[in-house]
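J.: I'd like to ask you about the structure that follows.
None of the figures in this text is laboratory data; all of them are computed from the coordinates on show. Worth saying up front: this structure is predicted, and the values here are computed from it rather than measured. Neighbour counts run over all protein chains shown; Cβ positions are idealised from the backbone, glycine included.
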Amino acid sequence: MNNVLRKRFANAFMANYATPQVALVRGAGCTVWDADGTEYLDLLAGIAVSSLGHAHPAIVDAVSSQVARLAHTSNLYANEPAIALAERLITLFGVPDARVFLCNDGATANEAAIKVALRHFPNRRHFVAAERSFHGRTLGALALTGKPAIREPFGSAALAVSFVPYGDPEALATAVTADTAAVFLEPTLGESGVIPPPAGYLRRAKEVCDRSGALLVLDEVQGGIGRTGRWFAHQHDDVVPDVMTLAKGLAGGLPIGACLATGAAADALGPGDHGSTFGGNPVSCAAALAVLDTIERDGLLAAVDDVGGLLARGITAVEHPLVAGVRGRGLWLGIALTRDVSPAVESAARAAGFLVNAPVPDTIRLTPPLVLTAEEVGSFLRAWPHILAASDTSAGRSR
Ligand SMILES: Cc1ncc(COP(=O)(O)O)c(C=O)c1O
């Protein structure tokens, strides 16, 4: 990013984000270009968001025609794309009695799930989540809401949460009590570096929840919508959660979130219990329908399996002292490093024309568009040894 943009960024925004190295201006498929015309292969997709890559005609058409017809309705009026999307998500989830709440992003999908759990169990206030998990950054906007009728049914925003080691069903069984309203789990820890649980963990978690009656909430915000070669990551395991949250890849780059609840929890929220100005926005919903249609029509779930396998095997095949192995499934991969050098690897990859991400010091995360081709995988794999060599040198320099 040039110095002028860098300065404007720093002068205009709060300091919560580091000033980025690159300003992107355009994308097509899995390629993006920066403001200086430099081309990158996008192996991150805006952190698992641009599921069909950039400027996919199906999304462009769906969004353009919807925005030209009707951009917003509010929830006082129904709109066809939102209804069609909710119906579609219920079908893909495979639980006909599930019901949907549409919102704007991952955090608001999880906020909805918290409210579902609190309404479902008026007398349970305890939650269980995993150490190193990530579920979003809202502070419970409800705590600031000055309307008792809206706020008080949910109690204090300060939830009582026990954190347990991820992947340990015994720890979960100990933490879940008769007062536990819900257990929140990711199907794989995404922000902590794509760390899958041991086989059978999610199913054991469901059994633990069922014993106490607590809801199992699976946060599929990062892993859902085809990223692992199934519609939802938990579909690799023999488990159906009580509640599931979605966002990121669902609308391929437009803001959206969704919370699906099953059984009695599907009816937990009553009139006035929850809402969102933009939730169910017809433009985002039209984009989401285009994403789901395209994944289905183009056989992208199978493609994710194939191309993801190619990518993981190709990375594993390159022996290098910096690389410990590859974790994950489909196009949701974490390259485990032997040292805390992920920022150096990320920057060497960028210099070589590849966008990857360093979520934690010892892991490189790859969450490319689901339309990534074998040729594009090949171009990354050819560059990978050079990227490692360059990062080794630069990490060595900074030690
Ligand atoms: C598993 C998971 N849940 C929730 C969130 C929060 O989503 P958002 O940033 O859209 O609020 C994220 C974001 O990375 C996530 O990975």
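J.: Would you kindly derive the ³J(HN,Hα) couplings of the range 182-187 from the backbone phi angles with the Karplus curve 6.51 cos²θ - 1.76 cosθ + 1.60 (θ = phi - 60°), listing them in order in whole Hz, with x for Gly and Pro?
T.: 7, 10, 9, 9, 8, x
J.: Which value in deg cm²/dmol, rounded to the nearest 500, describes the helix-derived mean residue ellipticity at 222 nm for the chain, given -39,500 (n - 2.57) per DSSP H run of n ≥ 4 and division by the residue count?
T.: After summing the helix terms and dividing by the residues of the chain, the value is -11500 deg cm²/dmol.
J.: Build a GNM of the chain with springs between Cα atoms under 10 Å: which of T174, T19, T277 gets the top mean-square fluctuation?
T.: Between T174, T19, T277, it is T19 that shows the largest mean-square fluctuation.
J.: Next question, about the same structure. Give the residue from A358, G252, L289 lying farthest towards the positive end of the charge dipole for the range 241-399; charges sit on Cβ (+1 for Lys and Arg, -1 for Asp and Glu) and the dipole is referred to the Cα centre.
T.: Farthest along the dipole direction, towards plus: A358.
J.: Need one number: the % of Cα-Cα pairs in the range 1-93 sitting beyond the 18 Å mark.
T.: Roughly 65 percent, rounded to a whole number.
J.: Now for a different question. At a temperature of 20 °C and a viscosity of 1.002 mPa s, determine how fast the range 293-350 diffuses translationally according to Stokes-Einstein, using the Kirkwood radius over alpha-carbon pairs as Rh; express D in µm²/s, rounded to the nearest whole number.
T.: 167
J.: Let me ask another. Using only the alpha-carbon atoms, how far is helix 201-212 inclined from the longest principal axis of the chain? Give it as 0 to 90 degrees, nearest 10.
T.: Approximately 20 degrees, to the nearest ten.
J.: Does the range 29-159 come out rounded, prolate or oblate by the C-alpha gyration tensor, with a ≥ b ≥ c the root eigenvalues, rounded set by a/c under 1.5 and, if not, prolate when a/b is larger than b/c and oblate if not?
T.: prolate
J.: Would you mind telling me the antiparallel percentage of the DSSP bridges in the chain, rounded to 5?
T.: For the chain, the DSSP antiparallel bridge percentage is about 60.
J.: Sticking with this one: Can you give me the orientation-averaged projected area of the convex hull built on the Cα atoms of the chain, in nm²?
T.: Details: hull surface 81.2 nm².
The directionally averaged projection comes out at 20.3 nm².
J.: On to the next question. When only C-alpha pairs under 8 Å and at least 6 residues apart count, what is the relative contact order of the range 1-102, in percent?
T.: 15
J.: Treating only the Cβ of Lys, Arg, Asp and Glu as charged (+1, +1, -1, -1), what charge dipole size does the chain show about its Cα centre? Round to the nearest 20 debye.
T.: Dipole magnitude for the chain comes out near 860 debye.
J.: Quote the relative contact order of the chain in percent (integer), defining contacts as alpha-carbon pairs under 8 Å separated by 6+ residues.
T.: 22 percent.
J.: For a quick check: sort W332, W231 by the number of other beta carbons within 10 angstrom, fewest at the front.
T.: Exposure proxy ranking, most exposed first: W231, W332.
J.: I want to verify a result. In a Gaussian network model of the chain, Cα cutoff 10 Å, which of these has the top mean-square fluctuation: P197, P153, P368?
T.: Ranking P197, P153, P368 by mean-square fluctuation puts P153 first.
J.: For the chain, build the charge dipole from Cβ charges (+1 Lys, Arg; -1 Asp, Glu) around the Cα centre, then report which of A62, L189, H236 sits farthest towards its positive end.
T.: The residue sitting farthest along the positive end of the dipole is L189.
J.: Continuing with the same structure: Against the longest principal axis of the chain, how steep is helix 57-69, in degrees 0 to 90 to the nearest 10, with axes from Cα atoms?
T.: The angle comes out near 50 degrees.
J.: Among V4, V164, which comes first, then next, by fewest other beta-carbon atoms within 10 Å?
T.: V4, V164
J.: Hey, what angle do you get for helix 374-398 against the long axis of the chain, alpha-carbon based, 0 to 90 degrees rounded to 10?
T.: The answer is roughly 80 degrees.
J.: From Cα coordinates alone, what are the radius of gyration and Dmax values for the range 319-399 in angstrom?
T.: 12.0, 38
J.: Where q = 0.22 Å⁻¹, what log10 of I(q)/I(0) comes from the Debye formula for the range 273-318, counting one point per Cα?
T.: Summing over Cα pairs of the range 273-318 leads to -0.78.
J.: Taking springs between alpha-carbon atoms closer than 10 angstrom, which of L246, L337, L202 fluctuates most in the Gaussian network model of the chain?
T.: L337
J.: Report the number of Lys pairs in the chain whose alpha-carbons are under 25 Å apart, with separation of 8 or more residues or on distinct chains. Working shown, then result.
T.: Working: K115/K147; K115/K206; K115/K248; K206/K248.
Within the chain, the lysine pair count is 4.
J.: Further, regarding this structure: Assign unit charges at the C-beta atoms only (+1 for Lys and Arg, -1 for Asp and Glu), then state the dipole size of the range 1-84 relative to its Cα centre in Debye, rounded to the nearest 20.
T.: Working: 5 positive and 6 negative charges, 69 e Å.
Computed about the Cα centre, the dipole is about 340 debye.
J.: What ranking of M244, M1 emerges when the number of other C-beta atoms within 10 Å of each C-beta is taken as an exposure proxy, fewest first?
T.: M1, M244
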